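Below: the structure, in structure tokens.
Throughout, read-outs are computed from the coordinates displayed, never taken from laboratory work. Only a predicted model underlies this, so the values are computations on that prediction, with no experimental measurement involved. Reconstructed Cβ throughout: ideal geometry from the backbone, glycine too, with neighbour counts over all protein chains shown.
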Amino acid sequence: MARRSPFRFALPLLALAGGVFAAWSIASQPGTPPRAEPPAAPPRNPFPAAVAGLGEVEPASETIALGTDLAGLIAAVHVRPGEQVAAGAALVSLDDRRLRAAVAEAEAALTVVHANRDEAAASLASAEAERRRATLDAERYRALVRGEVAASRQRLETAEAEARKAEANVTLARARIAAAEAAARQAEAALARARVDLDKTVLRAPLAGTVLRVNARPGEYAQPGAPEPLIVFGDLSVLHVRVQVDETDAPRLRGSGSSVAFLRGDGTRSAELAFVRIEPLARPKRFLSNAPGERVDTRVVEAIYRLAPDALPVQVGQMLDVFVEAQRGGARQALARGGP
């Protein structure tokens, strides 16, 4: 009788052990986790008919990107983000040594031109005096000749020639005066231009407001047309909300309608908005709400609303969910109650 191998039961036992381990692993897994509740109720449309859109908080002055039209090293930065400054306050200073030298050179050139003009004026006065003397001499000799007084006709001709020469000298002196005055105006313009360039080395606040961002540091090189502005600035005394509305919903907007803004994803904190204006230029959509069915190939019309101070804890550039009371019907029916 043939002996049976002791390993013939190894494969079934291994399969049985694997099945038991798999069943134990599945049984030991935790159950379905409980559904997490949102930290706050989502915003809901408060109007029977409304247009919903995303709004961006901005200063009433809009965001002002300040740059320079002079290239140079940044010598000093006088402000920090969040600092409030008065109109005309210095924000950034560029290295001005070369332009200060240019101003001094223009001032010296203007001094020389003024001296030349004064010299030309003195020459004109001398020429006019000489002309008067020569004219009087010529008139005396003419009187003597007419009165048949013994007088040399040659002396008369000489006197008349001297009178004509004196007249020419006066004309020449006046031309020099005109040239000196033109040179003085040119030197004054050069000095004014040098002073303007020197003043441009200091970037100043165009109005009273708040520094929103600083992209300048001492030692860096500032140049015109840089992709990043040196200072981002704005007047935060009044905040606006720039709401983008799909072009298909734009005809339903009403300036007299109410509007409400919510913090994104938070239906418990809201504030009423006051209508300011509608921008007449439709633009490509700049930001998306990621709502189901949202179109990205449409253009938007931007409506501006005023947000009361301290009505919501927001920062410039923050996005808000906005509902604007609209006319019923139109291109679309009112949006369902829910986020934009």
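Structure notes:
- Cα Rg, Dmax (largest Cα-Cα span) when computed across the stretch 175-314, Å: 24.5, 83
- Amide N proximity, the stretch 301-319 versus Ala208 label position 7 Å along Cα-to-Cβ, cut-off under 19 Å: 309-310
- Modelled label reach - Val238, point 7 Å along Cα→Cβ, the stretch 173-216 residues with backbone N closer than 17 Å: 207-210
- Contour minus Cα-Cα distance for Glu107 and Ile177 (0.36 nm per residue): 23.2 nm
- One chain, two ends: Glu272 and Trp24. Fully extended at 0.36 nm per residue, the span grows by 83.4 nm beyond their Cα-Cα distance.
- Computed E for Arg264/Val196 - FRET, C-beta separation, R0 45 angstrom, nearest 0.05: 0.45
- Taking label positions 7 Å along the Cα-Cβ direction at both Ala15 and Ala89, the computed distance is 8.3 nm, reported to one decimal.
- Relative packing of peptides 261-269, 309-317, 105-113, 54-62 - highest average C-beta neighbours within 10 Å first: 54-62, 261-269, 105-113, 309-317
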